[in-house]
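First comes the structure, then the notes that go with it.
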Amino acid sequence: MPQGPFQTTSLGNATSSALDLTAATVVKATPGFAVTISVLATSSTAGAIYDAKLTTGNTVANQIAVIPATVGNYVVNFPAKVGITVAPGTGQTVAISYN
């Protein structure tokens, strides 16, 4: 039995991106949606994505994703009520798509 056409959608409808992140960065200071994270350079520690509009004071209580220490593209697909802050691991370079 033949399959119908495949539907393609954009996860979270990403409309923005931040590239070449090597230090904690507020990528959006208002509510949004973290869609994907790309790890471009490996690291000795994992990084994190926080529901926050500051680069300091973040803990597991407002963490929405772990950024693996391994190179690759990872689906986050998670809403942020406050903002989106990306904190790469030591030596890590990442890019994020979001809206």
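The values are calculated or read from the model by the stated rules, or taken from the named source; none is laboratory data. Everything quoted here is computed from the prediction, not taken from an experiment. Glycine gets a Cβ as well: all are built from the backbone with ideal geometry, and neighbour counts include every protein chain shown.
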Practice item. Six or more apart or on different chains, Cβ under 7 Å: which pairs go from a residue in the stretch 42-68 that's within 14 Å of ALA80 (Cα to Cα) to one that's among the charged types (D, E, K, R)? Could you list them? Key: ASP51/LYS81; ASN62/ASP51; ILE64/ASP51
Review point. Given (1) modelled with pLDDT under 95; (2) farther than 14 Å from ASP20 by Cα, where does TYR74 come up short, assuming only one miss?
Key: (1)
Review point. Taking TYR98 and the conditions (1) crowded, with 17+ Cβ neighbours inside 10 Å; (2) on the phi > 0 side of the Ramachandran plot, which numbered condition does it fall short on, given that it satisfies the others?
Key: (2)
Review point. What are the pairs, 6+ residues apart or on separate chains, where a residue within the stretch 79-92 that is more than 17 Å from ALA46 (Cβ to Cβ) has its Cβ under 6 Å from a residue that is surrounded by fewer than 21 Cβ atoms within 10 Å (Cβ to Cβ) and among the aromatic types (Phe, Trp, Tyr)?
Key: PRO79/PHE33
Exercise for review: Taking SER38 as the residue in question, decide whether it is out of contact with any helix residue (DSSP H, G or I) (no Cβ under 7 Å at 6 or more places or on another chain) and either part of a loop (DSSP other than H, G, I, E, B) or modelled with pLDDT under 95 (or both).
Suggested key: no
